[in-house]
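> Attaching a single structure in structure tokens format; questions to follow.
Nothing in this text is a laboratory measurement; each read-out follows from the coordinates by a stated rule. The model shown is predicted, which means the values in this text are computed figures rather than measured ones. Positions of Cβ are backbone-derived with ideal geometry, glycine not excepted, and every protein chain shown enters the neighbour counts.
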Amino acid sequence: MSGLFPELDAYERTASERDGSGEDPRWSAPTQALFDQLGGVAGEPGADAQSSRSSRSSTSGEPGHSDPGEGEGETSVYHQADVRLFRPGIAAGAESLARFEKAFGLVGKIRSLKRTEGNNLEFVAEIDDEGTLQRGVLTPPGERAWKQGKSFGLSYGGELNPVIARALLRFLARYDGVPLATILAQIIPDVEDEHMLVNDYPESVFYAFAPSSGWRRFFEGTELYRGACGQHLGNVAIIDHTDIECLFNQAPEDERIPSFFNSPRVESTDPVDGPVDGSRGEGPRRAQRLFTDISDIDVIKGADVLVDQALELLAELPDRPDSVVIQAGCLPEVTGDDIVASAARTHDKLRLPVFAVGQHNDVVGKSFGDMLAVHPISLDRELDPLGVAILGMPALAGRRELLGLLDRAGVKVLTQLLPDMGEDALEQLARASVLVGYPWDRYTVTIERLAARMAPARILSLRPPFGLAGTRQWLSSIGAAVDRRAEVEAEIDAMMTGVYGRWQLLRGRAQQLRVGFVIEHGNWRSALSIQRSLGVPMLELLSEMGFGVDVLAYCGERTSPPASERYDNIHVRWYRTVEELDVQLADDRVAAWYSELHYDRRLTRNGKNTFSMRQFSVGLLGALDSLEGMLRVANMSFYRSYSRYLGQPFLERGAARTPGEST
């Protein structure tokens, strides 16, 4: 199998090359290594915890030993369907699948192989001549598994079959020690499979309601990404071809709208509303939106005509849009409405570009991809030597100030593409000499493809601009790329004169406080990585602010938890039961815990405050604003004073600690 996966075989060499990338002297070597891992500088670490498996069978559908059910044989129709549809995820394309088949020794037998939303590698293979299917799984270190290696575990579905066992052990023998994240990166979908997301997580309520592990879930998962939806900006018309129930059942775009979840704080691109802090926005106008409102009778007769009518209405407007995007909900997919044909029928009358995206989880990205496909990009085109394009960066609070500093230093930010898209995005992108990628899983592959397509423009992959140190490094790197480093650093120094003194004062207060995170599984590094957290380096940022940080990770039902871990002022501890978690949440040393639920009784009834990504902003002023916001949260005394009147923190059976009981 030599050379089958050169990316994995050469892991030790590339890892050692990365080790010399420079370290921040403020942290000890283990802490800096941790921040590098969470920031994607290095691969996944070894096992966080070797969670022991219970000997009893599981009926939860999780990987490992599982019982198909009472009276349900291994080859029943229901069981086979369950194997095929076990979890959504990123499916390997034909070339990638062929390599994995050789690695597992299952050439021609693997029917599907994918990276699931829980960051597992899962494959389904035929194990006999009758076409019987079985599932094999590579799990993150620390999760329940059949066999544990150094950097990943082996698991399976149903009864363990010798064919699957041999395949898993074969892979373990060759690649044990290679970080699972590096292995998962080899799962490359076919180009046609762009609709699949890598950032869907099974803990999301999108996939499960009231799960048995809900008592320890503080990260809500997919809704956070749906809440950061992109939007078209400028003179663009969007036709929503769906029913009214679906239209008004979508996750909000920002935190101004009431929600069950703590969505990140964002800046408005609306020139009237402005951002949440009340300042007036200075961006292009939002796109015009039309809504077809599919009714019951349209389901029977077909709703294509509604799209035709919407397009004809746009053609008659005195101020017509420059382009039209047609997106659809689930219903038109079921009824078979042909929106592509509708666009073709009215194209000549409109005399403007019409992009029929249909149902897609990234309408902006898909419509931009369609636009890019029909516009040639010349290799000898003229590039603006001072022109920069920012790719994949959400409109997080503080972004306007951040980009304004670059502008004052003479750096031209020509466009900010994805998750938003302006009407001239493609034109400006083609002029940029430097592309700046933002570290968010949602657009990792897209940015790589754009970098290849936009040659000879250079691509910069930088750490995100959070905190004082991170922001300075981000800005200086961009300035250096366009030969404006001195001007950028002069602007940074000028702004720091009004920031640094107050930062140091507030940091001294933060050093007296601790905040924390609760992770529902053993792989706590994965949960706190910047790729999963919309690019926010939460552990590193809180440490820079001066806060001590506690991480509580679930280690399963063990006789004794693993040893605690320390990284400077970061303390990693473990819990096994709801009772243990209840006691640790009430720890008087911790002022606030992270939760993506808008109101979390598990914390408030323990006398604790809640923080989330809503407290974090980008940029230098954003760093100071983030520190001030975290101190407000940590110092609020209401729940400490009145938690004893609020009732039990946990309603699950067995959590019987008296409210207000001291720990």
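> Could you work out how far the C-alpha centroid of the range 601-627 sits from that of the range 390-408, in angstrom?
Value for the Cα centre distance between the two parts: 21 Å.
> In addition: Restricting to DSSP loop positions (anything but H, G, I, E, B) with no more than 12 other Cβ atoms inside 10 Å of their own Cβ, which chymotrypsin sites (Phe, Trp or Tyr not before Pro) remain in the range 525-625?
Numbers: sites: F547, Y554, Y567, W574, Y575, W593, Y594, Y599, F611, F616; in loops: F547, Y599, F616.
Counting only loop positions with at most 12 other Cβ atoms within 10 Å, the chymotrypsin sites (Phe, Trp or Tyr not before Pro) in the range 525-625 are Y599.
> Here is a further query. Once you sort the root eigenvalues of the Cα gyration tensor of the range 384-495 as a ≥ b ≥ c, which label holds: rounded (a/c under 1.5), prolate (a/b larger than b/c) or oblate (the other case)?
On the way: a/c = 1.65, a/b = 1.35, b/c = 1.22.
Prolate is the answer for the range 384-495, as a/c is 1.5 or above and a/b outweighs b/c.
> Something else: Please go through the residue pairs K102/K150; K102/K366; K109/K147; K109/K366 and name each one whose alpha carbons sit more than 26 Å apart in this structure. Can you show the working numbers first?
Details: K102/K150 22 Å; K102/K366 33 Å; K109/K147 23 Å; K109/K366 33 Å.
Exceeds cut-off: K102/K366; K109/K366.
> What whole number of Å gives the distance from the Cα centroid of the range 570-594 to the Cα centroid of the range 414-429?
Cα centres, the range 414-429 to the range 570-594: 44 Å.
> Ok, one more. For the range 480-490, in order, what is each residue's ³J(HN,Hα) by Karplus, 6.51 cos²θ - 1.76 cosθ + 1.60 with θ = phi - 60°, in whole Hz (x at glycine and Pro)?
Residue by residue, the range 480-490 yields 5, 5, 10, 6, 10, 5, 4, 5, 5, 5, 5 Hz.
> Around Q327, under 14 Å between beta carbons, what's the net of Lys plus Arg minus Asp minus Glu among the other residues?
-4
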